[in-house]
Amino acid sequence: MEVDTDPELQAAIKIFGHFFDVLGQPFSVLNAEGKHIYYNQENADLDECHRNEVLGKHMLNIFPSIHADDNEMLKALQYGEESVNHQKKLLHTER
């Protein structure tokens, strides 16, 4: 699925995508609109879903149990707040 992505971010994902795939840790990247533009298999396994169900979709549509003002990734996008070593369990809906 094609998602509007900053060209620099798109280039970085192209360069580092394989590294993210073999990292062995859940990893995802959102664009400025909060849509998933990268989502590795470890993340899909943890969330019990398929990557293609998440890519191109807004985080709040995929994981309705989260709240924008309480989510580290969305706060980083909105306010530029950095979060290190933060973990949170997300519940997803049937797709």
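Miscellaneous remarks
- Residues in the stretch 1-16 that are of a type outside the set (Asp, Glu), assigned to a helix (DSSP H, G or I) and either exposed (fewer than 13 other Cβ atoms within 10 Å of the Cβ) or in contact (Cβ under 8 Å) with a residue 40 or more places away in the chain (or both): 7, 11, 14, 15.
- Residue within the stretch 30-37 that is acidic (Asp, Glu), at negative phi, surrounded by fewer than 17 Cβ atoms within 10 Å (Cβ to Cβ) and in contact with a Phe, Trp or Tyr (Cβ under 9 Å, 6 or more places away or on another chain) present: no
- Filter pass, residue 56 being within 14 Å of the chain's Cα centre (by Cα), part of a helix (DSSP H, G or I) and not acidic (Asp, Glu): no
- Residue within the stretch 62-74 that is of a type outside the set (Gly, Ala, Ser), outside any loop (DSSP other than H, G, I, E, B) and modelled with pLDDT of 90 or more present: yes
The values are calculated or read from the model by the stated rules, or taken from the named source; none is laboratory data. From a predicted model like this one, the values you see are computed outputs, not experimental measurements. Cβ atoms come from the backbone with ideal geometry, glycine included; neighbour counts cover every protein chain shown.
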